[in-house]
Structure formats: structure tokens, C-alpha cells
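The next block holds one structure in the form of C-alpha cells; read it before the comments.
The values are calculated or read from the model by the stated rules, or taken from the named source; none is laboratory data. A quick note: this is a predicted structure, and the numbers were derived from the prediction, not measured. Glycine gets a Cβ as well: all are built from the backbone with ideal geometry, and neighbour counts include every protein chain shown. Side chains included, ligands, DNA and RNA excluded: accessible areas come from the protein's heavy atoms. Shrake-Rupley method; radii C 1.70, N 1.55, O 1.52, S 1.80 Å.
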Amino acid sequence: MKLGQLILRRVAKSQNLTPAQKLFEDLTRLGQPSESPFPRELLPMAVHEAIRGAFNTQFFQFNLDWVLPYWAVRQFDPAGEAFIPRMSQIGLNQTHRNWTAIGTTKSTTEPVVDPAGLVTPWLDGWSLDTWVRVGDKTLFPSRHAAPKQTVHDPAPQVVTYFESDGVFLEVESFACIMRKRPVVMHRARVQNLTDETLKPQLYFAIRPYNPEGVSTVHGIRYFADGYFSVEGRLGVVFSGKPDRVVCSSYRDGDCSHMLDAAVDTYESACDTGLATAYARFTLTLGGGATAEQTLVMPIDGEDVKPATAMELRRFDYRDWRVRVHSQWSEVVDHGLSIEVPDADVQRLFALNKAYLCLFDDGDEICPGPLTYHHFWFRDAAIMIAALDKMGFPDRARQKLLLYPKKQKSDGFFQSQDGEWDSNGEAIWTLAEHFRMTGDEDFLNKVVRAIGDGARWIENKRLTKAPAGSPHQGLLPPGYSAEHFGPNDYYYWDDFWALAGLRDAWKVTEHLGYRSDYLAFEKMYEQMTYDLRASLKTVERRLGEALMPAGPYRRMDSGAIGSLVSVYPLRVLKSDDPLVVNTLNAIERVSTLDGAFFQHINHSGINPYLTMHMAQVHLMQGDPKGWALARKVMKMATPTGTWPEAINPRTGGGCMGDGHHGWAIAEWLLFVRNALLMENEDILVITPLLPREWTAWGQRVVVRSAPTHYGAVSFVIEMRDNEIVLNMAPEYRHAPRKLEWRLPMSVREALVDGQMTAVNGHRMQVPAGTKEIRVPRAGLAS
């Protein structure tokens with residue numbers, strides 16, 4: 001018996017917890033025995049989430065008359081579709097995990113805005129709410145039946161607006177660098193919709209919560225010069241001075257209960273951590289008139305200094321608004337740009353290109369601004385690949401050059417213990433960056449880390465398992481991605497490892513390290529054999545060539561991980577029976593309303609895993625790829641974001657970060673791959689072109705698209721009598737062939753002026769081809 005188990009049993013016995021301890025031990029046996037039953041690196045996050053969930057339940061259910069956050073108003077309402085009973089005593093946001101990250105072009109922390117305009121300027125901290133009162137009626141945005149939200153495309157400048165009781169309220173939030181300080185700028189604009197003169201009261205309220213739940217605030221202080229400190233740090237600086245300030249503690253009640261307070265209260269100390277406060281501005285508006293109030297919030301706060309506050313008060317909001325929009329437009333205009341005859345695709349592409357860069361924290365990239373503001377090799381593999389393919393190689397390189405420092409002495413690229421996929425992910429990402437850039441200097445800097453990582457894979461494989469065992473030669477049981485289930489021998493881990501061995505072989509061969517590449521080639525071939533043998537045992541057990549999550553599993557939702565074999569790793573061909581059968585089985589057992597539903601842990605519709613399926617369909621040339629992509633598009637929030645998983649009842653997020661970076665990257669990569677894609681040594685143009693885009697008068701434009709061969713630009717014009725492709729590549733090294741695919745069969749085409757017979761949807765021509773003209777008369781019906 002391990003020491004940890006012995007201690008657990010003794011503690012359980014002394015505290016009369018033996019039944020619970022036995023149940024816990026049995027729980028750990030659901031999966032395969034593992035050297036790392038649960039990644040210890042996740043323990044602080046898990047404990048924090050559990051305690052916050054308990055705090056949420058205990059606080060919210062006894063204080064439903066407080067102004068609660070958007071999600072809690074709905075989830076604690078027994079008459080609403082989002083209601084969840086609270087027997088578990090863990091009140092987490094499982095119905096509306098949606099928020100939008102805002103930040104600068106060089107952010108390392110991204111504030112978030114929830115669907116009702118609540119803005120959280122500090123990482124996992126308190127929030128600022130905006131209320132407006134007319135007479136005895138108050139508009140609390142979180143209680144509004146239908147708040148509306150948009151974003152100032154393509155910049156992460158979030159606008160939320162409401163109409164109620166004769167007034168229109170608009171709140172806008174964005175981030176900028178003001179006097180070398182990252183800050184959130186926030187504006188509230190109130191318009192009188194009546195013909196009478198009104199005197200609305202505008203409130204800016206400090207709230208001890210954020211979109212995940214309670215985030216305790218023990219102290220708030222207002223300074224007469226027009227600013228608040230929160231938890232002893234500079235929190236809110238107003239451009240003008242309010243006419244009333246109220247600070248309150250939990251024992252005194254929510255400041256929303258004190259809107260008629262006759263005196264100011266400038267300070268609140270609350271040992272419960274539920275201090276609240278508001279600053280009120282009374283407006284006078286004639287019929288149809290508009291007034292606004294602005295403020296600044298330092299991101300993550302700073303020391304309270306009067307000089308700093310006074311400095312931050314001096315700003316021109318409109319100037320900063322235009323300046324920030326221009327900065328983000330420059331980011332989006334860099335690198336790959338597209339023009340397609342679908343306004344929704346065009347908008348989401350530009351927005352998410354900006355969001356991808358927003359999640360770039362310099363030396364690392366994180367898959368979320370709030371829940372997932374951490375680094376994992378898994379998410380980074382897809383997100384850094386997207387940076388490269390969107391035309392941001394310098395951003396990708398900055399992070400990848402630090403990968404060797406993240407590697408342990410034994411070669412393990414460790415995000416978390418027991419996550420055996422990370423080595424393959426790290427090696428593939430490093431190699432893919434080289435394939436995209438041809439950067440020999442970069443490759444020489446990281447090749448040693450690649451080799452050490454490949455040797456770790458070989459040493460970790462279970463080469464001494466019993467002969468004929470389904471897990472012979474696989475990686476040991478691990479936790480892997482949480483959406484697969486308990487510890488197991490995951491094919492996801494093995495396919496990443498196999499790709500890592502392949503890429504170690506290829507890059508060392510490229511550099512001429514003969515002994516290394518021969519060794520890695522042998523490792524790759526042996527693991528390929530072991531993996532194929534394992535899958536053969538599964539085929540005998542299940543009666544069909546299939547790839548479940550692991551060799552002892554049936555076809556459940558976890559099988560989605562096995563599709564990594566074809567996308568993005570290309571270890572298997574897209575027409576391999578293993579791939580075709582597995583994709584069909586997943587669509588039978590794990591789809592809801594045409595999208596992928598992850599039954600395991602996420603318990604929701606998963607946008608990025610749906611896009612993973614779409615990518616496989618794309619590689620198969622199946623229009624279903626676009627059908628899945630459009631499903632995901634429809635699930636985007638009005639600000640163009642996706643949570644990790646979506647509650648099928650509410651349409652809101654139910655798991656993970658409410659603005660998910662992996663989802664951003666997968667959607668961008670799908671659009672890119674549908675327009676052009678590498679297929680071994682062939683460059684494919686429009687591998688999955690929607691047929692409706694080929695109507696007369698439409699055009700498809702791709703500019704400065706990075707590829708394995710160099711930058712590629714092209715224009716496709718749909719004329720009344722022909723479809724014309726004009727290529728403008730800047731090859732670093734030319735592909736062997738150029739292939740153009742159309743959604744209809746072609747009989748003949750003019751290739752650089754020469755009539756060429758064609759038979760099917762695909763035209764393969766020399767890589768240097770400049771123009772292809774397909775007469776509409778040459779298209780099969």
C-alpha cells in the first residue's frame with residue numbers, strides 16, 4: 001500500500017470517514033492504475049473552484065434580494081429554464097459561462113465583460129456594474145430580460161445596451177495602455193427616450209463577484225478627489241466627481257438597498273469579504289437628450305497614490321476609443337487576410353484573429369482570460385499553430401524558444417503530471433513552426449529539446465507489457481485531457497507521441513544528424529507497429545475497425561480524441577477505415593442538434609471538438625465540414641466568442657472558460673484550411689469551397705497566407721461565363737504540384753492559356769501555374 005493511501009485510511013478512521021474513504025478508493029479504480037491519479041498541479045484550481053461554488057450557494061440563496069450577477073439571477077430563478085437545484089451545495093455557473101475578453105495588443109492579463117456589461121478589471125477579481133434609476137424604477141442590467149451586446153469590430157471593445165422606463169443605457173468597455181499603465185476604460189451613456197425632462201441617476205457599483213461567482217472584497221475606500229481603492233489598491237478613477245457615494249458591508253446589506261441614502265459613506269471594511277459600494281451621478285436630460293460619464297480602472301490595480309489617480313483622470317475617451325480601434329485594426333490587417341461572400345464568416349474571422357492575439361501573453365499563450373489563464377502544451381499546440389498560419393510567426397517564435405526551459409531534465413515537457421500527451425504536442429508545435437517558417441536558426445536552437453523529448457517518449461512507452469497485451473508499446477495510463485474520462489491508456493496521447501517521434505526523425509534528418517534520425521525513425525516505426533497492433537485487438541473485440549478513447553474502452557464520447565490521428569497530425573489518412581468508421585460512430589453516439597456533444601465532464605456541446613470533426617470532413621472533401629462550421633458559427637455570442645462547452649437548454653456556456661482560446665484557434669484554422677491547405681507536397685486551393693460561393697459575381701480573395709512552401713495569395717472570380725483562379729505565390733520552396741478543387745465536376749480548363757482535360761472536382765497542375773480559367777460550359781451538371 002502506498003504511503004498516501006495509508007495516511008488517508010488512518011485519517012478517515014480517526015474522523016469516522018471510513019465509508020467515504022472506501023468510496024473514494026473505489027472511485028479511483030474506475031480508470032486504469034496510474035502513477036499520477038490526479039495532476040497535483042490542478043489541485044489548487046479544483047479546490048478554489050469547489051470552495052467558490054460552496055460560497056456561491058451559501059451567499060446567493062440567502063441574499064436573492066441583492067443585485068446578483070447575470071448568470072446567478074437566472075440559475076437561481078426556479079421559474080427560469082436555467083434553474084439548477086442545489087442539493088450538491090456547489091453553486092457554479094453552469095448555464096451562462098459567457099464572457100468576452102478585452103485587453104491591449106500586448107496584454108498579459110485580459111479583463112472580461114459578461115453578457116450584461118459587468119466588467120471585471122482584475123484577474124478573477126471584483127467587478128464594476130452600471131445601473132440607472134428614473135424615479136422609483138432602477139434598471140439593473142443583470143436582471144434585464146434581454147440585454148443586447150456587440151463589439152466594435154474587429155477590436156475587443158464591448159458595447160452592451162438596454163432600454164427601460166423611458167431611458168436607453170449603453171455601457172462600453174475596452175482596454176488600453178495609458179501613460180504606460182494597462183487600464184480599462186468604461187463609459188456609460190444615458191439617453192432620454194421621452195419628450196419630457198428627466199433626472200436619471202447613474203450608478204457605478206463595485207461588486208464582490210465576477211462571472212464565475214464570489215470574489216471577495218474586504219475593503220473599499222472612496223477618496224474625495226474622485227476615486228475608489230479596492231482591497232488597498234487603486235480600483236476606479238472617475239473623470240468627474242459623483243454627487244453621492246455609499247460603501248457598505250455584508251452586515252449592512254447590499255449598497256443597492258441604499259439608493260436613497262441621504263449621506264455619504266466613504267469606507268467599508270467587511271470581514272466576510274462582501275463589501276460593496278456605488279458612486280452616483282445625477283443627470284438632467286431634456287427630451288431626447290444624451291449624457292455620458294467615463295472612468296478608468298487600472299488592470300489588476302496598483303498602489304494608491306493621489307498623483308497617479310489625478311494623472312489617470314486626464315483623458316479624452318473618444319480619442320482613446322479611436323486609437324485603440326486603429327491599433328487592433330492594424331493587428332487584424334497583418335498576415336493572412338481573406339474576402340469571402342459570407343458576411344458572418346468574414347466578421348468572425350477578423351474578430352477571432354484579434355482575440356487570438358489578445359490571448360497571446362508574450363512568453364506564453366493561455367486558452368482563456370479567466371478560468372483558463374494558465375499555460376498547457378495541449379491548448380498551445382493548436383493556438384500557436386494558428387498564430388503561425390494567421391501570419392504571426394514572431395509571436396509564435398517568442399513562446400516556442402522558451403519551450404526548452406519548460407522541459408524537465410529527463411526530457412518531459414510537463415504541463416501537469418500524468419498528462420503524457422504534452423511531449424508529442426510540444427515537439428509537433430516546434431516542428432510545425434519550422435515547416436511554416438523555414439527558420440533554420442530557430443530549429444538549431446530547439447533541436448536538442450526535440451531530441452530529448454522524443455527519447456522521453458521512447459522511455460515512457462510500455463515496451464515491457466505482456467506480449468499481445470492491447471497496451472503493449474503504448475504510453476502508460478494518464479489523466480490526459482479531462483474530457484476523455486478517468487486515467488487510461490489514451491490513444492490521444494499515443495498519436496501525439498507518434499507524431500512527435502516522426503517529427504524528431506524528420507527535423508534531425510533535415511539537419512543531417514544521422515545517428516539521431518536513424519534512431520528516431522526506428523522508434524517511430526516500432527511505435528507505429530505497436531499502435532496498429534493495439535488497434536487490431538480493438539477491432540477483434542468490437543467487430544469493426546474503430547478507435548475508441550483507449551484499447552479497453554467502448555465507443556463513447558472520449559473517442560473524439562482519436563481523430564487527432566488525422567487532424568492535425570496526419571498520422572492516418574482521412575479515408576482510412578479506422579478514421580471513417582470512428583467518425584461515423586462518434587456522430588451516432590455523441591451529437592446533438594448536429595454538433596458534437598461531449599457526455600464526459602463537459603456535458604455540453606463543444607465548439608472546438610465540433611470543429612475537430614469539421615476538419616476531418618474537410619480533409620475528406622465532405623461538405624458536412626462547412627455544415628458543422630456553420631453550426632458553431634450560430635452558437636457564437638453576439639461578440640463572436642465561444643465558451644468551452646455549451647448548455648443545450650440555455651445556449652450559454654456550461655463548462656470551462658467562457659471565452660475559449662482553443663475554440664478561437666480551431667475555427668480560424670478551419671476557415672484557413674477550407675481556403676488553402678497543405679497535403680504532403682501538394683498545395684491545395686479551396687479544398688472545401690461552399691457551392692453557394694461560386695454564384696455569378698462572387699469572389700474569394702486570400703492574401704499573404706503562410707504555408708509550408710511560403711506565402712500564398714490568390715483571387716477567384718465567379719464570372720458569368722467562367723470561374724477564374726489567379727495565383728500570386730511567393731514560394732520559399734515550391735510544392736510538387738498545385739491542386740484546385742471546386743464543388744462541382746470539371747471537364748476542361750485553360751491552364752495558363754493551354755486547354756486541359758479534367759475529370760472530376762480536382763485539377764492538378766504545375767506548382768508555377770499563374771492562372772486557371774474554368775468555362776462554365778466545361779462544368780459538369
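Conditions tested, residue by residue: (1) of a type in the set (Gly, Ala, Ser); (2) open to solvent by 10 Å² or more (accessible area, probe 1.4 Å).
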residue	(1), (2)
Lys148	no, yes
Val159	no, yes
Ser164	yes, yes
Val167	no, no
Glu170	no, yes
Arg179	no, yes
Val183	no, no
Val190	no, no
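May I ask you to list the residues in the stretch 558-589 that are outside any loop (DSSP other than H, G, I, E, B), within 21 Å of His471 (Cβ to Cβ) and within 26 Å of the chain's Cα centre (by Cα)?
The answer is Gly558, Ala559, Ile560, Gly561, Ser562, Leu563, Val564, Ser565, Thr582.
Kindly indicate whether any position in the stretch 590-602 is assigned to a helix (DSSP H, G or I) and out of contact with any Pro (no Cβ under 7 Å at 6 or more places or on another chain).
no
Determine, yes or no, whether Asn63 is more than 23 Å from Leu123 (Cβ to Cβ) and either out of contact with any Asp or Glu (no Cβ under 6 Å at 6 or more places or on another chain) or surrounded by fewer than 22 Cβ atoms within 10 Å (Cβ to Cβ) (or both).
yes
Pick out the one residue from Ala519, Ala467 that is surrounded by fewer than 20 Cβ atoms within 10 Å (Cβ to Cβ) and at pLDDT below 95.
Ala467
In the stretch 298-356, which residue that is under 27 Å from the mean Cα position of the chain (by Cα) and among the hydroxyl-bearing types (Ser, Thr, Tyr) is surrounded by the fewest Cβ atoms within 10 Å (Cβ to Cβ)?
This residue is Ser326.
Only one of Asp254, Asp243 is among the charged types (D, E, K, R) and open to solvent by 30 Å² or more (accessible area, probe 1.4 Å). Can you tell me which?
Asp243
In the stretch 425-445, how many residues are within 18 Å of Arg570 (Cα to Cα) and either under 21 Å from the mean Cα position of the chain (by Cα) or basic (Lys, Arg) (or both)? Walk me through how you get there before you give the answer.
Kept after step one, since they are within 18 Å of Arg570 (Cα to Cα), are these residues of the stretch 425-445: 425-436.
Going one step further and asking which of them are either under 21 Å from the mean Cα position of the chain (by Cα) or basic (Lys, Arg) (or both), we end up with 425-426, 428-430, 432-433, 435.
Count: 8.
Quick one: would you say Ala585 is open to solvent by 40 Å² or more (accessible area, probe 1.4 Å) and among the small types (Gly, Ala, Ser)? So that I can check it myself, show each step before the final result.
On the way: open to solvent by 40 Å² or more (accessible area, probe 1.4 Å): no; among the small types (Gly, Ala, Ser): yes.
Spelling it out, it is not the case that Ala585 is open to solvent by 40 Å² or more (accessible area, probe 1.4 Å) and among the small types (Gly, Ala, Ser).
Which residue pairs have Cβ atoms under 7 Å apart, sit 6 or more places apart or on different chains, and have a first residue in the stretch 300-319 that is basic (Lys, Arg) and a second that is surrounded by 15 or more Cβ atoms within 10 Å (Cβ to Cβ)?
Close Cβ pairs (under 7 Å, with a partner that is surrounded by 15 or more Cβ atoms within 10 Å (Cβ to Cβ)) amount to Arg313/Gly226; Arg313/Val237; Arg313/Ser239.
Kindly list the number of the only condition in (1) more than 24 Å from Ser142 (Cβ to Cβ); (2) surrounded by fewer than 22 Cβ atoms within 10 Å (Cβ to Cβ); (3) modelled with pLDDT of 95 or more; (4) in contact with a helix residue (DSSP H, G or I) (Cβ under 9 Å, 6 or more places away or on another chain) that fails for Asp225.
(3)
Go through the stretch 267-297 and give me each residue that's touching a Cys at 6+ places or on another chain (Cβ under 8 Å) and open to solvent by 60 Å² or more (accessible area, probe 1.4 Å).
Kept after step one, since they are touching a Cys at 6+ places or on another chain (Cβ under 8 Å), are these residues of the stretch 267-297: 267-268, 275-278.
Glu267, the sole residue that qualifies.
Residue check: is Leu443 under 26 Å from Ala386 (Cβ atoms) and either open to solvent by 10 Å² or more (accessible area, probe 1.4 Å) or touching a residue at least 12 places away in the same chain (Cβ under 8 Å) (or both)?
Taking the combined requirement at face value, the residue satisfies it.
Do the conditions hold for Thr528, that is, is it in contact with an Asp or Glu (Cβ under 8 Å, 6 or more places away or on another chain), in a helix (DSSP H, G or I) and of a type in the set (Val, Ile, Thr)?
No, not satisfied.
Only one residue in Tyr567, Tyr552 is surrounded by fewer than 19 Cβ atoms within 10 Å (Cβ to Cβ) and in contact with a His (Cβ under 9 Å, 6 or more places away or on another chain), so which one is that?
When all the criteria are applied, what remains is Tyr552.
Hey, among the residues in the stretch 557-596 that are farther than 26 Å from Ser422 by Cβ and hydrophobic (A, V, I, L, M, F, W, C), which one's modelled with the lowest pLDDT?
Filtering first and then ranking leaves Val589.
How do the pairs read when you match residues in the stretch 487-501 that are surrounded by 24 or more Cβ atoms within 10 Å (Cβ to Cβ) with residues anywhere that are modelled with pLDDT under 95 and among the aliphatic types (A, V, I, L, M), using Cβ under 7 Å and keeping only pairs 6 or more apart or on different chains?
Filtered contacts from the stretch 487-501: Trp492/Ala481.
Restricting attention to the stretch 446-455, does a residue exist that is of a type in the set (Val, Ile, Thr), at pLDDT 95 or above and under 17 Å from the mean Cα position of the chain (by Cα)?
No; the residues of the stretch 446-455 include none that is of a type in the set (Val, Ile, Thr), at pLDDT 95 or above and under 17 Å from the mean Cα position of the chain (by Cα).
Residues in the stretch 108-123 that are open to solvent by 10 Å² or more (accessible area, probe 1.4 Å) and out of contact with any helix residue (DSSP H, G or I) (no Cβ under 6 Å at 6 or more places or on another chain): how many?
Of the residues in that region, 4 qualify.
Considering each residue of the stretch 527-549, count those that are small (Gly, Ala, Ser), open to solvent by 30 Å² or more (accessible area, probe 1.4 Å) and within 24 Å of Glu587 (Cβ to Cβ), and give that number. It would help to see each step written out before you state the result.
Here is the first cut: in the stretch 527-549, the residues small (Gly, Ala, Ser) are 533-534, 543, 545, 549.
If we keep only those that are open to solvent by 30 Å² or more (accessible area, probe 1.4 Å) as well, we get 533, 543.
Keeping just the survivors that are within 24 Å of Glu587 (Cβ to Cβ) gives 543.
So the count comes out to 1.
Pick from Asp271, Asp225: which is assigned to a loop (DSSP other than H, G, I, E, B), acidic (Asp, Glu) and touching a residue at least 60 places away in the same chain (Cβ under 8 Å)?
When all the criteria are applied, what remains is Asp225.
Of the residues Leu689, Leu675, only one is open to solvent by less than 10 Å² (accessible area, probe 1.4 Å), under 16 Å from Pro623 (Cα atoms) and of a type outside the set (Ser, Thr, Tyr); which?
Values: Leu689 fails: open to solvent by less than 10 Å² (accessible area, probe 1.4 Å).
After applying the criteria, what remains is Leu675.
Any idea which of (1) more than 24 Å from Gly235 (Cβ to Cβ); (2) out of contact with any Phe, Trp or Tyr (no Cβ under 8 Å at 6 or more places or on another chain) is the one Leu348 doesn't satisfy?
(2)
Among what's in the stretch 580-607 and is touching a strand residue (DSSP E or B) at 6+ places or on another chain (Cβ under 9 Å) and hydroxyl-bearing (Ser, Thr, Tyr), pick the residue that is nearest to Ala674 (Cα to Cα).
Here is the first cut: in the stretch 580-607, the residues touching a strand residue (DSSP E or B) at 6+ places or on another chain (Cβ under 9 Å) are 586-587, 590-593, 595-598, 601-607.
With hydroxyl-bearing (Ser, Thr, Tyr) added as a condition, the list becomes 590-591, 603.
On the way: Ser590: 24, Thr591: 23, Ser603: 29 Å.
Among residues in the stretch 580-607 that are touching a strand residue (DSSP E or B) at 6+ places or on another chain (Cβ under 9 Å) and hydroxyl-bearing (Ser, Thr, Tyr), the one nearest to Ala674 (Cα to Cα) is Thr591.
Can you tell me which residue among Ala757, Ala777 is open to solvent by 60 Å² or more (accessible area, probe 1.4 Å) and more than 22 Å from Arg699 (Cα to Cα)?
One residue alone meets the criteria, Ala757.
Which of (1) of a type in the set (A, V, I, L, M, F, W, C); (2) more than 33 Å from the chain's Cα centre (by Cα); (3) surrounded by fewer than 24 Cβ atoms within 10 Å (Cβ to Cβ); (4) in a strand (DSSP E or B) does Ala261 not meet, given it meets every other one?
All conditions pass for Ala261, except number (4).
Which of the residues spanning the stretch 400-431 are part of a helix (DSSP H, G or I), surrounded by 22 or more Cβ atoms within 10 Å (Cβ to Cβ) and either of a type outside the set (Phe, Trp, Tyr) or in contact with a Cys (Cβ under 8 Å, 6 or more places away or on another chain) (or both)?
Scanning the stretch 400-431 gives Leu400, Ser422, Asn423, Gly424, Glu425, Ala426, Ile427, Thr429, Leu430, Ala431.
Residues in the stretch 446-453: is at least one open to solvent by less than 10 Å² (accessible area, probe 1.4 Å), over 16 Å from Tyr513 (Cβ atoms) and either small (Gly, Ala, Ser) or not in a loop (DSSP other than H, G, I, E, B) (or both)? Give the derivation first.
Taking the stretch 446-453 first, the residues open to solvent by less than 10 Å² (accessible area, probe 1.4 Å) are 446, 449-451, 453.
Cutting the leftovers down to over 16 Å from Tyr513 (Cβ atoms) gives us none.
No, because not a single residue in the stretch 446-453 is open to solvent by less than 10 Å² (accessible area, probe 1.4 Å), over 16 Å from Tyr513 (Cβ atoms) and either small (Gly, Ala, Ser) or not in a loop (DSSP other than H, G, I, E, B) (or both).
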